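Here you go, one structure.
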Amino acid sequence: MRPTAVLLQHALRLTFFTRPNCMLCTEAKDVLSKVWDRRHFEYDEIDVMQAASKEWKNLYEFDTPVVHFDKTRDLNQTTGTTMKARKLMHRFTEAEVEAAMDAVEQSQK
């Protein structure tokens, strides 16, 4: 799931926080991939264990996987997500992901 020009037209962005050797992260990525087959979104993946991700490591080192749902127009240009983003953590279903997407898309239209 790499961003393309078509993806950049979408109003919703998912930022996926992950770490190496995380079975829950693998399962969560599979759920996101299945949702992607039905509904496209802008996507970014952050490995919280990378040196460049220190601020996210401090927040999510022991909580991965985490998904932030943001409207693209509200994004912070330096971090790629906002602190007020809607979040799902650990285990979640396709229905929960789509419900979170719906909620973000419908908020403050």
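The values are calculated or read from the model by the stated rules, or taken from the named source; none is laboratory data. No experiment lies behind these values; they were computed from the predicted model shown. Using ideal geometry, Cβ is built from the backbone for each residue, glycine included, and neighbour counts are taken over all protein chains shown. Ligands, DNA and RNA are excluded from the accessible area calculation, which covers all protein heavy atoms including side chains. Shrake-Rupley method; radii C 1.70, N 1.55, O 1.52, S 1.80 Å.
Kindly indicate the residue of the range 75-107 that is out of contact with any helix residue (DSSP H, G or I) (no Cβ under 9 Å at 6 or more places or on another chain), surrounded by fewer than 16 Cβ atoms within 10 Å (Cβ to Cβ) and farther than 24 Å from residue 30 by Cβ and also modelled with the highest pLDDT among those meeting that condition.
So the residue we want is 106.
Still on this structure, please answer the following. Of everything in the range 53-74 that's touching a strand residue (DSSP E or B) at 6+ places or on another chain (Cβ under 9 Å) and part of a loop (DSSP other than H, G, I, E, B), which residue is most open to solvent (accessible area, probe 1.4 Å)?
It comes out as 63.
Could you count how many residues in the range 1-52 are part of a helix (DSSP H, G or I), open to solvent by less than 70 Å² (accessible area, probe 1.4 Å) and modelled with pLDDT of 90 or more?
Looking only at that region, the number is 8.
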